[in-house]
1. Filter segment 334-374 down to the residues that are loosely packed, with under 15 Cβ neighbours inside 10 Å, out of contact with any helix residue (DSSP H, G or I) (no Cβ under 9 Å at 6 or more places or on another chain) and touching a residue at least 24 places away in the same chain (Cβ under 8 Å) and list them by number.
2. Tell me, please, whether a residue that is on the phi > 0 side of the Ramachandran plot and touching a Cys at 6+ places or on another chain (Cβ under 8 Å) can be found in segment 191-200.
3. Considering only segment 194-217, how many residues are surrounded by fewer than 24 Cβ atoms within 10 Å (Cβ to Cβ) and not hydroxyl-bearing (Ser, Thr, Tyr)?
4. Give segment 292-312 a look and list any residue that's assigned to a loop (DSSP other than H, G, I, E, B) and either at pLDDT below 95 or aliphatic (A, V, I, L, M) (or both), or say none.
5. Can you pull out every residue in segment 75-94 that is in contact with a Phe, Trp or Tyr (Cβ under 8 Å, 6 or more places away or on another chain) and either modelled with pLDDT under 95 or of a type in the set (A, V, I, L, M) (or both)?
6. Would you say Thr391 is β-branched (Val, Ile, Thr), modelled with pLDDT under 90 and in the same structural domain as Leu311 (by TED's automatic domain parsing)?
7. Would you point out which residue out of Val29, Val17, Val9 is among the aliphatic types (A, V, I, L, M), surrounded by 15 or more Cβ atoms within 10 Å (Cβ to Cβ) and at pLDDT below 95?
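The values are calculated or read from the model by the stated rules, or taken from the named source; none is laboratory data. Everything numeric here is computed off the predicted structure, so don't read it as measured data. Methodologically, a virtual Cβ is constructed for each residue, glycine included, from the backbone with ideal geometry; neighbour enumeration extends over all protein chains shown.
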Amino acid sequence: MQMKKSWFVGAVALAFVTGCPGEGEDGDVGDTGTAGGCADPSDPDAPRLSITEEIDGDTTWTCDNIYLLDQTVVFVSNGTLTIEAGTTIEGTAGSALVVTDTARIDAQGTSSAPVVMTSSQPAGQRQRGDWGGLVLIGTAPVNLDGGFGVAEGFQIPLNYGGADPGHDCGSLAYTRVEWAGFEISVDNELNGITFYACGTGTTVDHVQVHMGSDDGMEMFGGGFDASHVIITGAGDDSIDCDQGYRGTLSNVFVQQDPAVGDACFEWSNGSNFTATPLTGPTVVNGTCVGSGGNGDKSKGAILKEGTEAGLIDTIFANITNDFILLETPETQLSAEGGGITVDGTLFCGANGFGVGEDEDAPGWTVEELLAWVEMAGSNQVGADCALPSVTWGSPDVQPPPGSAPDGGGMGGGYAGAVDPSGENWTLEPWVTYATGS
């Protein structure tokens, strides 16, 4: 698919310079994600370059400038958008950064100098949905009729999908996307990061989506692996997989806002419950911290529409409602046929499990689902997960060594996102848990 190049007309102010003085692992970093030599977004006099037109061809954004997505969707086509460590991108209302299938993104932050995509509003005035978010479009297979879909909400149709399972949407490392989820059309809010048919060439490592108004990450088809993923404060689901996405997500930490948020994981196959490839994500070493007592919708995992799934060496804690909600008879058939694996997983607390109601095709009872979970692998229901803190805004999800039951699945020999005997990667400088707007 070739994208047209005349979507928007506007002015673009760009200055390309090489290098980012003083940037690196030892840079001086604060909550803004800036390093020595990089522009400080809290400084009103910091250089801001307004981006209002399509980016066509190889382009580099450097950390000594702040890049302002100025009241328009910015498309990237025909090349690589390289974003250097310590660079800040600010989005205004209605803006989004969309990397088309003829382009790729290469955002390479570091632990002390992450790439940060955030709201253009001043600190203290930021809200969910201040801007759109990051959208990546690929040509990997999806399970829709004809093998293609149309990205949600854009005025100009953007097709995704195809026959290239290895499509490379780009690389995200030590990158944070926050305060996103602008409604670009009626009932169509963007997610923090949306992956449309991104293939195995795509790499995602040490990425956080924070305080978005819709889903944290959503994958429509395709298949790539991701590791060290943090989703905090998503207004809807934290990780939503659909339309045939298959990939392994390892070392995943999700924390829901006490007041909003649906499921840590919602996985579905789409409108055709038997369409192939079947959706089939696997989480290995995950920690899902729910909303607690005030979260009306808070659930652990929603599995529906015939999806396959894996929950390996994963912790579910502070969940308000169901640990697992299994919907539609096709999903039960998937579980019975071995398409759903739950192993080495700890369900902490007294909450239970849920099944969808279908009078025409009655399936498992809640008690039968619980029995299946208890028999499916070395899972523990009602376990003590020994998480030091599930406090909103200041979590600590590294159990003390020897205090939490070991995982029994195929993960790292422990349950949860953080190795009890290793470094707590969820508290590194590139991560934020700031909840004030």
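1. Ala350
2. No, segment 191-200 contains no residue that is on the phi > 0 side of the Ramachandran plot and touching a Cys at 6+ places or on another chain (Cβ under 8 Å).
3. Taking segment 194-217 first, the residues surrounded by fewer than 24 Cβ atoms within 10 Å (Cβ to Cβ) are 199-201, 203, 205-206, 213-214.
Checking the rest, the ones that are also not hydroxyl-bearing (Ser, Thr, Tyr) come to 199, 201, 205-206, 214.
Selection size over segment 194-217: 5.
4. Gly295, Asp296, Lys297, Ser298
5. Correct list: Leu81, Ile83, Ala85, Ile89, Ala93, Gly94.
6. No, not satisfied.
7. Val29
Matching residues to (1) among the β-branched types (Val, Ile, Thr); (2) closer than 23 Å to Ile315 by Cα; (3) over 12 Å from the mean Cα position of the chain (by Cα):
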| position | (1), (2), (3) |
| --- | --- |
| Tyr196 | no, no, yes |
| Thr202 | yes, no, yes |
| Gln208 | no, yes, no |
| Asp237 | no, yes, no |
| Tyr245 | no, yes, yes |
| Pro258 | no, yes, yes |
| Asp262 | no, yes, yes |
| Trp267 | no, yes, yes |
| Thr274 | yes, no, yes |
